[in-house]
């Protein structure tokens, strides 16, 4: 079968004519409405209608808002003022978090700088490794010298008169 024979046997679609008619009407209406809306007369008429509406609605604005607030309170729903307050709180929290982040960055930089230098404990351990015997001898000599000397305290006694005991503290967390 050729295309000419296929086209001759094809029946016309009745809805196709209605679609074409609809499209033509919509195009005509669209052109006319665009011309009308862009005219000076339409702008004046719509402005006058809007002014009239605002003049009637202005006195009703405050009572309507008060009625809406009462209804929202009865339904336990938040008002726009509540949302504004929450937005302010979230902004404050965000600023605090930014400040904390900046402080943590500074602490991190300081800690990174401290790792470049050996700790005081490591330096003391290195220094004392070579001088350990000398230090121990000095401490032993100091103890024997203190044992021989007894200082006379106020009141003529050589012993302590207080019974205070040293305070024991809990070990720091994370040190071991």
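If you go through the stretch 71-82 and keep only what is part of a helix (DSSP H, G or I) and surrounded by 10 or more Cβ atoms within 10 Å (Cβ to Cβ), you end up with 71, 72, 73, 80, 82. Scanning the stretch 97-125 for residues that are at pLDDT below 75 and exposed (fewer than 10 other Cβ atoms within 10 Å of the Cβ) turns up 116, 117, 120, 121.
Of all residues in the stretch 74-87, those that are at pLDDT below 95 have Cβ atoms under 7 Å from Cβ atoms of residues that are surrounded by 11 or more Cβ atoms within 10 Å (Cβ to Cβ), 6 or more apart or on another chain, in 79/69; 79/72.
The values are calculated or read from the model by the stated rules, or taken from the named source; none is laboratory data. Model, not experiment: these values are computed from the prediction. With ideal geometry, Cβ positions are generated from the backbone for all residues, glycine too; neighbour counts draw on all protein chains shown.
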